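Comments concern the structure below.
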Amino acid sequence: DAAEMMRPDIEVREPPEVPDADVWRGRTGFKEVVRKLSSSFHELRFQPDEFISAGDRVLVTVRWSGRGSLSGAETGTALFHVWSFRGDRPSRLEAYLDQRTGRQAAGLSE
């Protein structure tokens with residue numbers, strides 16, 4: 001279970017560009033955001049492409065794809081995940097649709 005690898009107080013932030021973006025807290029929150037995505041998209045896949053270390057953060061370029069639950073249409077895009085760590089476990093996940101914003105959030109210069 002991926003949630004068990006997270007810190008108990010993990011915080012997950014949806015992309016700010018998404019309408020009604022939310023913040024999810026704790027391992028239960030992490031599971032809820034995964035359930036939310038899974039209910040909206042079938043055949044949901046996340047493929048990490050690139051990892052850039054930035055101190056206690058890591059910027060991960062992720063290609064995600066899936067099939068809309070209602071439409072059946074295939075969709076996908078790049079996401080930019082900023083993972084923050086305390087100790088050896090993730091303490092925060094911030095998702096961005098824009099690479100520049102993700103790089104800034106990770107503390108990386110242009």
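The values are calculated or read from the model by the stated rules, or taken from the named source; none is laboratory data. Since the model is a prediction, treat every value here as computed from it, not as a measurement. Counting neighbours? That spans all protein chains shown, and the Cβs are built from the backbone with ideal geometry, glycine included. Each accessible area value is taken on the protein alone, full model and side chains, heavy atoms only, with ligands, DNA and RNA left out. Shrake-Rupley method; radii C 1.70, N 1.55, O 1.52, S 1.80 Å.
For the range 1-65, which strands (runs of 3 or more DSSP E) that fit wholly inside it have 2 or more residues that are without any contact (Cβ under 8 Å) to a residue 60 or more places away in the chain?
23-25, 41-54
Here's the yes/no breakdown for (1) closer than 14 Å to PRO90 by Cβ; (2) open to solvent by 80 Å² or more (accessible area, probe 1.4 Å):
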{"residue": "ARG7", "(1), (2)": "yes, no"}
{"residue": "VAL18", "(1), (2)": "no, no"}
{"residue": "PHE41", "(1), (2)": "no, no"}
{"residue": "ARG45", "(1), (2)": "no, yes"}
{"residue": "VAL58", "(1), (2)": "yes, no"}
{"residue": "THR61", "(1), (2)": "no, no"}
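Going by the structure shown, is PHE51 exposed (fewer than 15 other Cβ atoms within 10 Å of the Cβ), at pLDDT 95 or above and not charged (D, E, K, R)? Working first, answer last.
Values: exposed (fewer than 15 other Cβ atoms within 10 Å of the Cβ): yes; at pLDDT 95 or above: yes; not charged (D, E, K, R): yes.
The answer is yes for PHE51.
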Inset, instruction - Please specify each residue of the range 20-39 satisfying the condition of being open to solvent by 80 Å² or more (accessible area, probe 1.4 Å) and within 22 Å of ARG89 (Cβ to Cβ). - result: ARG25, THR28, ARG35
Inset, instruction - Among what's in the range 96-110 and is open to solvent by 30 Å² or more (accessible area, probe 1.4 Å) and hydroxyl-bearing (Ser, Thr, Tyr), pick the residue that is modelled with the highest pLDDT. - result: THR101
Inset, instruction - Please find, within the range 66-95, the residue that is surrounded by the most Cβ atoms within 10 Å (Cβ to Cβ) out of those that are of a type in the set (Gly, Ala, Ser) and part of a strand (DSSP E or B). - result: ALA95
Inset, instruction - For the range 97-107, state whether one or more residues are under 25 Å from ASP1 (Cβ atoms) and basic (Lys, Arg). - result: no
